[in-house]
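Enquirer: Okay, here's the structure, questions in a sec.
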Amino acid sequence: MMKILVDGEYEHAVIHPVLMQFARGMNDIGKVRGRKIVQMIGLPARVLAAKRKFSADCLYYGPCGPNWPPAIRDIFLLALLRPFFRRTILHFHAAGLSELYSRCPAILRPFFRRAFFDADVAISLSEFNPPDHEVFRAKRVHYVPNGIPDVYSESGSELAGVRRSSGRAVEILFVGVLMESKGILILVEAIGLLPPAVRQGLKVVVLGQFSSPRFEQVVRDRLAACKVETQFDFRGVTVGVEKHRAFLSADIFCLPTFFEAESFSLVVAEAMQFRLPVVATRWRGVQSLVEDGTSGYLVPPKEPGELADRLLKLIEDPGLRSRMGDAGRAKFLKEYTVTKFRQRMDRVFKEVQ
């Protein structure tokens, strides 16, 4: 999303990015590494050099979620850099940082306030997310959902021949880091609750990396306990055309997340652009994307029984899958394109001037 933002052209802003990519992959996020500390120490000098070069007067920053190592990083950087800028925009791509503040040791609270409180503008991805902007007393707040490229209509020959067809196993797609709070164990249990005859004609494709070897074993054990090993196809990290093929060949997208930093879920938006009905949890910003009963279903977190019930409705009704997929596609085109995202961001920039 940062790249989509930076690559855009705006009437009311010129963006000069300073790269601060500390993590080398999803499994590296939130973990303390020596090289990250070295990068963090040198980053303020690079930011201030860019400020002088371009005469920048507004600092734009995307704070972390409720995780201490990146929070300490953000406190250090923002507390140091904010006094050098006339305006500050905090863009909460991850949600729940204010919940970390509520548990913050007293000795850190002054630094926390110096870093995150009283920003000129806070941007939240959804009204359903934790009110980080309110806790941190932002002067103004804008709700700006993410927007992604419309690969479905622009893919051309890359995906030629990949189509959903009748007479084959119904395919459910899960995409995300394989960790407990993304709901993979809940999905395994839900598939185990489906009638045996339904499970026989079912395939669950899983794209993503296990958070650890230990958790992979937990998942394998749960598959065996639920007797659904043959239904699941773990394909690991999949990107580019192969990832798009997985979306296009699937029939249903499922994400039973209760991830503590979830704020929007780009993979749900991706599923919508590919005309997939979505079954997800009534959890934070995910509720903004999925219209329950129209473009998919929302279920409570950690409820495999209700998840199984909604999946069964879609498995047994191809017409319902088609109607919900079309509704999701229509909402994607209206709300979640790159053009729409940049238009909304430009309105934010205009207000900050």
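The values are calculated or read from the model by the stated rules, or taken from the named source; none is laboratory data. This is a predicted model, so every value here is computed, not measured. Note that we place each Cβ from the backbone using ideal geometry, even for glycine, and neighbour counts take in every protein chain shown.
Enquirer: Only one of these is in a loop (DSSP other than H, G, I, E, B), more than 13 Å from the chain's Cα centre (by Cα), of a type in the set (S, T, N, Q) and in the same structural domain as LEU207 (by TED's automatic domain parsing): THR257, THR230, THR294. Name it.
Expert: THR294
Enquirer: Say we look at the range 305-353 and pick out the residues that are surrounded by 14 or more Cβ atoms within 10 Å (Cβ to Cβ) and of a type in the set (Ser, Thr, Tyr); which of these is farthest from HIS12 (Cα to Cα)?
Expert: SER322
Enquirer: Please determine, by comparing only the residues of the range 46-67 that are part of a helix (DSSP H, G or I) and in contact with a Leu (Cβ under 9 Å, 6 or more places away or on another chain), which one is surrounded by the most Cβ atoms within 10 Å (Cβ to Cβ).
Expert: Initial filter on the range 46-67 (part of a helix (DSSP H, G or I)): 46-54.
After this cut, where a residue has to be in contact with a Leu (Cβ under 9 Å, 6 or more places away or on another chain) as well, the list is 46-48, 51.
Values: ARG46: 13, VAL47: 20, LEU48: 16, LYS51: 18.
So, considering only residues that are part of a helix (DSSP H, G or I) and in contact with a Leu (Cβ under 9 Å, 6 or more places away or on another chain), the one surrounded by the most Cβ atoms within 10 Å (Cβ to Cβ) is VAL47.
Enquirer: Quick one: in the range 226-242, which of the residues that are over 20 Å from ALA271 (Cα atoms) and touching a helix residue (DSSP H, G or I) at 6+ places or on another chain (Cβ under 8 Å) is surrounded by the fewest Cβ atoms within 10 Å (Cβ to Cβ)? Talk me through it step by step, then tell me what you get.
Expert: Step one: list which residues in the range 226-242 are over 20 Å from ALA271 (Cα atoms), which gives 226-231.
When the remaining residues are screened for being touching a helix residue (DSSP H, G or I) at 6+ places or on another chain (Cβ under 8 Å), the result is 226-229, 231.
Values: CYS226: 19, LYS227: 12, VAL228: 21, GLU229: 10, GLN231: 20.
Per the stated criteria, the residue is GLU229.
Enquirer: Go through the range 331-353 and give me each residue that's assigned to a helix (DSSP H, G or I), under 19 Å from VAL151 (Cα atoms) and touching a helix residue (DSSP H, G or I) at 6+ places or on another chain (Cβ under 9 Å).
Expert: So in the range 331-353, the residues assigned to a helix (DSSP H, G or I) come out as 331-335, 338-352.
Cutting the leftovers down to under 19 Å from VAL151 (Cα atoms) gives us 331-335, 338-342.
Selection gives LYS331, PHE332, LEU333, LYS334, GLU335, VAL338, LYS340, PHE341, ARG342.
Enquirer: From the set of residues in the range 10-22 that are loosely packed, with under 11 Cβ neighbours inside 10 Å and free of Cβ contacts under 8 Å to residues at least 40 places away in the same chain, which is farthest from PRO44 (Cα to Cα)? Break it down stepwise before answering.
Expert: Let us first name the residues in the range 10-22 that are loosely packed, with under 11 Cβ neighbours inside 10 Å, namely 11, 14, 19, 21.
If we keep only those that are free of Cβ contacts under 8 Å to residues at least 40 places away in the same chain too, we end up with 19, 21.
Working: LEU19: 11, GLN21: 14 Å.
Only one residue fits best here, namely GLN21.
Enquirer: Moving to a separate point now. Looking at ARG284, ARG245, which one is assigned by TED's automatic domain parsing to the domain that holds MET179 and either among the hydroxyl-bearing types (Ser, Thr, Tyr) or under 23 Å from LYS203 (Cβ atoms) (or both)?
Expert: Values: ARG284 fails: either among the hydroxyl-bearing types (Ser, Thr, Tyr) or under 23 Å from LYS203 (Cβ atoms) (or both).
Residue meeting the stated conditions: ARG245.
Enquirer: Might you check whether a residue that is of a type outside the set (A, V, I, L, M), assigned to a loop (DSSP other than H, G, I, E, B), buried (at least 21 other Cβ atoms within 10 Å of the Cβ) and modelled with pLDDT of 95 or more occurs anywhere in the range 192-208? Talk me through it step by step, then tell me what you get.
Expert: As a first pass, look at the range 192-208 and keep what is of a type outside the set (A, V, I, L, M): 192, 195-196, 199-201, 203, 208.
Filter once more, keeping what is assigned to a loop (DSSP other than H, G, I, E, B): 195, 201, 208.
From the residues that got through so far, the ones that are buried (at least 21 other Cβ atoms within 10 Å of the Cβ) too are none.
No: the range 192-208 contains no residue that is of a type outside the set (A, V, I, L, M), assigned to a loop (DSSP other than H, G, I, E, B), buried (at least 21 other Cβ atoms within 10 Å of the Cβ) and modelled with pLDDT of 95 or more.
Enquirer: Could you go through the range 94-103 and let me know if any residue there is among the basic types (Lys, Arg) and loosely packed, with under 15 Cβ neighbours inside 10 Å. Step through it out loud before you land on a result.
Expert: Narrowing the range 94-103 to residues among the basic types (Lys, Arg): 103.
Those left that are additionally loosely packed, with under 15 Cβ neighbours inside 10 Å: 103.
Looking through the range 94-103, at least one residue is among the basic types (Lys, Arg) and loosely packed, with under 15 Cβ neighbours inside 10 Å.
Enquirer: Collect the residues in the range 72-104 that are of a type in the set (Gly, Ala, Ser) and in contact (Cβ under 8 Å) with a residue 40 or more places away in the chain, keeping them in residue-number order. Lay out the reasoning, then the answer.
Expert: Of all residues in the range 72-104, those of a type in the set (Gly, Ala, Ser) come to 79, 94-96, 98, 102.
Those that are of a type in the set (Gly, Ala, Ser) and in contact (Cβ under 8 Å) with a residue 40 or more places away in the chain: ALA94, ALA95, GLY96.
Enquirer: Just to check your reading of the model, which residue among GLY285, GLY293 is within 21 Å of PRO256 (Cβ to Cβ) and loosely packed, with under 15 Cβ neighbours inside 10 Å? Steps first, please.
Expert: Details: GLY285 fails: loosely packed, with under 15 Cβ neighbours inside 10 Å.
Testing whether each residue is within 21 Å of PRO256 (Cβ to Cβ) and loosely packed, with under 15 Cβ neighbours inside 10 Å leaves just GLY293.
Enquirer: Right, next: Scan the range 297-329 for residues that are farther than 21 Å from ARG282 by Cβ and under 20 Å from the mean Cα position of the chain (by Cα) and report the count.
Expert: Number satisfying all stated conditions: 1.
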